[in-house]
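**Q** Attaching a single structure in structure tokens format; questions to follow.
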Amino acid sequence: VNDVENPVINCPSDLSRGTDLGVCTANVSFTNPTPWDNCVVQSTIQTLGLPSGSPYLLGSNLVQFTATDNSSNSAQCQFTIQV
């Protein structure tokens, strides 16, 4: 069987946070997306942005994830964290 179907990955909605008290950053937590596929998802990696729980800087911060299945089909999703 030749798998030509990309995995499906859905990121969280865009987030907006105020800065933490006394600093110009905001520690932002989010749930990493869980992809699904008609076969097996081999890997899901964060390709842009800081990990969940990190101090994000003032401004617009892009976060992106990529899911790849065993047939090397891939899909991406992204969201923005505004501080």
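**Q** Return a whole-number percent for the relative contact order of the stretch 32-79, with Cα pairs under 8 Å and 6 or more residues apart as the contact set. Intermediate values should be presented prior to the final figure.
**A** Numbers: 66 pairs, mean separation 18.2, N = 48.
For the stretch 32-79, the relative contact order is 38 percent.
**Q** Now a separate question. In percent, how large is the relative contact order of the chain, given Cα pairs closer than 8 Å and 6 or more residues apart?
**A** Values: 192 pairs, mean separation 32.3, N = 83.
Over the chain, the number comes to 39 percent.
**Q** Here's something else I'd like to know. Computed from these coordinates, which is P(r) over Cα pairs in 5 Å bins from 0, in percent: (1) 3, 16, 24, 17, 13, 10, 7, 5, 2, 1, 0, 0; (2) 3, 15, 26, 23, 15, 9, 5, 2, 1; (3) 3, 16, 26, 26, 19, 7, 3, 0?
**A** (1)
**Q** Show me, for the stretch 5-14, the HN-Hα J-couplings you get by feeding each phi into the Karplus relation (A = 6.51, B = -1.76, C = 1.60, θ = phi - 60°), rounded to Hz, glycine and proline as x.
**A** 8, 6, x, 10, 9, 10, 7, x, 5, 4
**Q** With θ set to phi - 60°, apply the Karplus curve 6.51 cos²θ - 1.76 cosθ + 1.60 along the stretch 60-69 and write out the HN-Hα couplings as whole Hz, x wherever there is a Gly or Pro.
**A** 9, 10, 8, 10, 9, 10, 10, 10, 10, 9
**Q** Roughly speaking, to the nearest percent, how much of the chain's 1.4 Å accessible area is carbon and sulfur? Numbers along the way, then the final one.
**A** On the way: 2560 of 5060 Å².
Roughly 51 percent of what the probe reaches on the chain is carbon or sulfur.
**Q** Using only the alpha carbons, work out the radius of gyration and Dmax of the stretch 35-83 in angstrom.
**A** 13.1, 40
The values are calculated or read from the model by the stated rules, or taken from the named source; none is laboratory data. Being a predicted model, the structure only gives us computed values, none of them experimental. These area figures cover heavy atoms from the full protein model, side chains too; ligands, DNA and RNA do not enter into them. Shrake-Rupley method; radii C 1.70, N 1.55, O 1.52, S 1.80 Å.
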